[in-house]
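**Q** If you scroll down you'll find the structure; I have some questions about it.
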Amino acid sequence: MLSSILSKQSCAACKFCCSFRRQSLWETPLFPPEVVEKLSKPNEYGVVGEFRDGQIVLGGYKTADPEEEVPCSFLDPHKGCILKPEDKPFDCSIWPLRIMNKDGKLVIALTPTCPSVGAVPSQALVNLVKNGLGDKIFEYAKTHPYIIKEYREGFPIILMRTK
Ligand code: SF4
């Protein structure tokens, strides 16, 4: 969904958003119930995931280093995400954008840690969100409210829902 500002090649080379430090576990992707049902049993990908309330559960940290990262169960170190588009969480397809609840208002904000997009939204990203992508995200959240996260300080707000 962000291919006009974020190339598939740079995502494939980076994979930053598919690996998680302990303090980032709140950010692991959320899957719809029907996909959880499929991926928590033996499936075509050969990887059985563990989920809690739709969110993938990761563990297996080997050190006490808070910077240690554990990859998403569906990340292949060479090929990237192994999931087909229909099974990939919406959450992943809009990253580094997030829909958040800020003081009772829905906002679309930028996760400031994406190495490619940067900490400050570019004009191209703002235009993309304001000219359609934002509405798409607000619409999706109406039927999938579990993707709405609590607002965090430091996430620049790009769009606030007004209706
Ligand atoms: S589901 Fe795919 S895109 Fe999302 S974090 Fe896991 S490997 Fe990355």
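**Q** Hey, in the GNM for the chain with a 10 angstrom Cα cutoff, which one of 50, 86, 37 fluctuates hardest?
**A** Among 50, 86, 37, the largest GNM mean-square fluctuation belongs to 86.
**Q** On full extension of the chain, what length is gained from residue 126 through residue 113, given 0.36 nm per residue of separation minus the C-alpha to C-alpha distance?
**A** The span from residue 126 to residue 113 would gain 3.0 nm if fully extended.
**Q** Another one. Rounded to a whole number, what % of the accessible area of the chain do carbon and sulfur atoms account for, probe 1.4 Å?
**A** 54 percent
**Q** Also, quick follow-up: Out of 17, 92, 109, whose Cα points farthest toward the positive end of the dipole of the chain (charges: +1 Lys, Arg; -1 Asp, Glu; placed on Cβ)?
**A** 109
**Q** Could you give the dipole magnitude of region 8-89 about its Cα centre, charging the beta-carbon of Lys and Arg +1 and that of Asp and Glu -1, in debye to the nearest 20?
**A** Magnitude of the dipole: close to 180 debye.
**Q** Give the accessible surface of region 46-115 per residue, rounded to a whole number of Å², with probe radius 1.4 Å and ligands, DNA and RNA excluded.
**A** Ligands and nucleic acids excluded, the figure is 52 Å² per residue.
**Q** Students often get this wrong, so check it: of 62/142; 41/79; 62/130; 62/136; 8/41; 8/38, which have C-alpha atoms separated by over 32 Å?
**A** Pairs exceeding the cut-off: 62/142; 62/130; 62/136.
**Q** Hey, another quick one. Placing +1 at every Lys and Arg Cβ and -1 at every Asp and Glu Cβ, with all other atoms neutral, what dipole size does the chain have around its Cα centre, in debye to the nearest 20?
**A** Value, rounded to 20: 440 debye.
The values are calculated or read from the model by the stated rules, or taken from the named source; none is laboratory data. Keep in mind the model is a prediction, meaning the values are calculated, not measured. Glycine gets a Cβ as well: all are built from the backbone with ideal geometry, and neighbour counts include every protein chain shown. Side chains included, ligands, DNA and RNA excluded: accessible areas come from the protein's heavy atoms. Shrake-Rupley method; radii C 1.70, N 1.55, O 1.52, S 1.80 Å.
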